[in-house]
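Everything on this sheet refers to the single structure shown next.
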Amino acid sequence: MNFEETYNRLFKPVLAYVQSRVQNAAAAADIAARVWQKVFEHQNQYQPEKGLPDQWIFSIARNEVNKYFGFWGIKRFLSLTAQEEIFPAQDALPLEELERQEKTRRLLGALQRLDSRERDLVSLKFYGGFNNRQIARLTGYSESNVGTILSRAVHKLRTRLGDL
């Protein structure tokens, strides 16, 4: 595994995944930094026969997010101040930027209303870019259970968001 290449390819997806789980930009940046530090320090422990590097890195990210919640004793973290976009649009007109921020705020609010398992799976699917089989391997759920949970969670999001 080439660390630099992997870092460049997965930096934004890992940060987006962590941000979607903790809903706090500063905490997400700290957690993502710990993830990459661990990946760098333990890259010689990666075992290709157990899965893709992406899966290994996202399991580290999941563990770090879970440690964050465990450390603070929080089962569900709902930030009222950290609603900003991770990667703001560039060259957007002011009105377009306001509309994008409102859509992002509504999406993050709807994500917060999912339970932690649903939020984790949705984040792995849409921010991490994993398919259901890969998510099943990462989480220990069956592939069919992952599909069912994701389907129900997406339905809840669509219902809550309307025609976003």
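Derivation of every value follows stated rules applied to the coordinates shown; laboratory data play no part. Because the structure is a prediction, the values reported are computed rather than measured.
At-a-glance table
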| item | result |
| --- | --- |
| Whole-percent pair-distance distribution, where bins are 5 Å wide, for the alpha carbons of the range 92-164 | 3, 16, 24, 21, 14, 11, 6, 3, 1 |
| Taking the C-alpha atoms of the range 1-75, convex hull volume expressed per residue in Å³ | 88 |
| Set of lysines near Lys103 by C-alpha distance (under 19 Å), chain-local residues within fewer than 8 positions excluded | Lys156 |
